[in-house]
1. Residue separation times 0.36 nm, minus the C-alpha to C-alpha distance between HIS35 and GLN55: what's the value?
2. What ranking, highest mean first, results for peptides 71-79, 102-110 when packing means the other Cβ atoms within 10 Å averaged over each residue?
3. Let me check the size of the stretch 27-76 from its C-alpha atoms; what are the radius of gyration and Dmax in Å?
4. Between ARG82 and HIS47, what is the label-point separation in nm under the 7 Å Cα-to-beta-carbon projection?
Amino acid sequence: MRAKKIRRPCSNCPWRVDAPRGYWDPQHFVDIWKHCQDDGLNFMLCHKALTLPEQDRQLVPCQGWIRVMGFEAIGVRLLALREQVTLEEINDQGGPVLFPTFAAMLRANKIPLPRRSRMTPRHTGRLR
């Protein structure tokens, strides 16, 4: 199923350097950090997805997040495999100036960096 398309980061996308500050709930950023960073299986939805009918909301990834995280994020890789984003979108460096990292975006919004949610595999037996 193809996503509804928003082709560029929105004017108030939190990834944009020129976006308004204080617009977003700090807990929202913490939740995104926990679930959508490079090792998360989820992806960040565009905040404008909330204006779409409910059945379409899950299909609109944040264009700022896609461009900043790129293929480092498992969620972006999954979106590309499902053809919900294109390579052109992922590699697009034109358009508005974006924060270079997740941490930089959080700092600009005065959000303390939460702990990483990296999964550490447990060894169930001895290696031979």
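Each value in this text was obtained by applying a stated rule to the coordinates, not by laboratory testing. This structure is a prediction, so every number in the text was calculated from the model and none was measured. Note: ideal-geometry Cβ built from the backbone for every residue, glycine included; neighbour counts use all protein chains shown.
1. Details: separation 20, 0.36 × 20 = 7.20 nm, distance 2.11 nm.
So the extension gain works out to 5.1 nm.
2. Details: 71-79: 18.1, 102-110: 16.4.
Sorting 71-79, 102-110 by mean packing, highest first, produces 71-79, 102-110.
3. 10.7, 30
4. 2.3
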